[in-house]
Amino acid sequence: QVQFVESGGGSVQPGGSLRLSCVASETISSIYVMGWYRQAPGKQRELLASITSFGNINYADSVKGRFTISRDGAKNIIYLQMNSLKPEDTAVYYCNSRAGFRFGSPPTGSWGQGTQVTVSS
């Protein structure tokens, strides 16, 4: 399985921004679909955004217009730029490879430790 290491989380006030990074154990050029997920306390892990090797992107409604997913295959990294953060964005954020582009597709890699994002005043 592909392994991932997430970083870039932290504490921020509502309306602030953070940029998350995810480093893969192999080139993401060979991975068709990558995704960012999050899990808030007491909640199930949810898919936030997906990106294919061709650059096709989709977002969950909860983050559309605020978050931007991107990938750098040469560096085996995907990013999540998070703007206009809200308290409900507080969660542990994870990245993973996915079996397909649709939101119902399962993850295929190993879950990393994730990176904590806390949005509060």
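The values are calculated or read from the model by the stated rules, or taken from the named source; none is laboratory data. Not measured: the values here are computed from a predicted model. Heavy atoms of the whole protein, side chains included, go into the accessibility calculation; ligands, DNA and RNA do not. Shrake-Rupley method; radii C 1.70, N 1.55, O 1.52, S 1.80 Å.
Let me cross-check LEU20: its accessible surface, 1.4 Å probe, with only protein heavy atoms counted, in Å² to the nearest 10?
Ignoring ligands and nucleic acids, LEU20 comes out at about 0 Å².
Calculate, in whole percent, how much of the Cα-Cα pair population of the chain lies beyond 24 Å.
Tail of P(r) above 24 Å: 18 percent of Cα pairs.
Express in Å², to the nearest 10, the accessible area of TYR59 obtained by rolling a 1.4 Å probe over the protein heavy atoms while all chains stay in place.
50 Å²
So how exposed is LYS86, as accessible area in Å² (1.4 Å probe, rounded to 10)?
For LYS86, solvent-accessible area is about 80 Å².
Stokes-Einstein diffusion coefficient for segment 77-121 at 4 °C in a medium of 1.567 mPa s, Rh from the Kirkwood formula over Cα pairs: what value in µm²/s?
105 µm²/s
Which lysines have a Cα lying under 28 Å from the Cα of LYS86, excluding residues fewer than 8 positions away in the same chain?
List returned: LYS43, LYS64.
D for segment 19-70, whole µm²/s, Stokes-Einstein with Kirkwood Rh over alpha-carbon pairs at 37 °C and 0.692 mPa s: what number?
271 µm²/s
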